[in-house]
Amino acid sequence: MCYLSREQKPKKGKKDRNKRIKRSKAKTLRVSSDIRLKLGHKALSEEEVFMGRRKVEIKLIENKSSRQVTFSKRRTGLIEKARQLSVLCESSVAVLVVSASGKLYNSSSGDNMTNIIDRYEIQHAGELRSLDLAEKTRIYLPHNELLESVKSNLEESNVDNVSVDSLISLEDQLETALSATRARKTELKMEFVKMLQEKEELLRQENLVLASQIGKTNGGRENNSPENSSGINPPETLPLLK
């Protein structure tokens, strides 16, 4: 049997390499087209496949089955990204996803979901109260109409006809109006305090400028005094004889 040395082995030419590249491209194009057709998308041409990544238009997927498949895949990818963020950065991550049908999916990494939500509520308690108060204020009656409602419901002629549910609703609206009034009062007080602080800072700056100007003026007067202008010190007085 005759063996060829490394130098004697026939080299593969450019034609063979080009054939392999074409077969690989054809296979990639076929797989890509099959996947897109299964998802309900239009198949891409060879130029679109091999031109690299292109910007995908984000819009609602009309096909329901394709939408469900995409939702499942994207949800899984989102949860995996959250897990990676938690592991890489030693952070606590919570993910809440609600599907179009109303089904809730949740996942947490680094800490359990309850602890993460509790920490969020503690940190943003003021914002959550403000949002809740604003929502109630928007839904309930304006203050003047609320006062008229209280007067009409609590008149002696109507008080016996008012139901418990109506009184509970009226009480809730009164508490909301009172909370809104207190919040507005606190806001006005804070604005007034801030205005006073700004005025105080302005006066302090003006005092510093005046003190600097006075110091410069006094320094100029001392330099221009007769004693200092001649350069001769005044004679010392002799002590009085006893």
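The values are calculated or read from the model by the stated rules, or taken from the named source; none is laboratory data. Everything quoted here is computed from the prediction, not taken from an experiment. Cβ placement follows ideal geometry from the backbone for every residue including glycine, while neighbour counts extend to all protein chains displayed.
Against the list (1) modelled with pLDDT of 85 or more; (2) over 29 Å from residue 117 (Cβ atoms), the condition residue 52 fails is (1).
On the basis of being farther than 30 Å from residue 92 by Cβ, acidic (Asp, Glu) and either modelled with pLDDT of 75 or more or in a helix (DSSP H, G or I) (or both), does residue 148 make the cut?
Taking the combined requirement at face value, the residue satisfies it.
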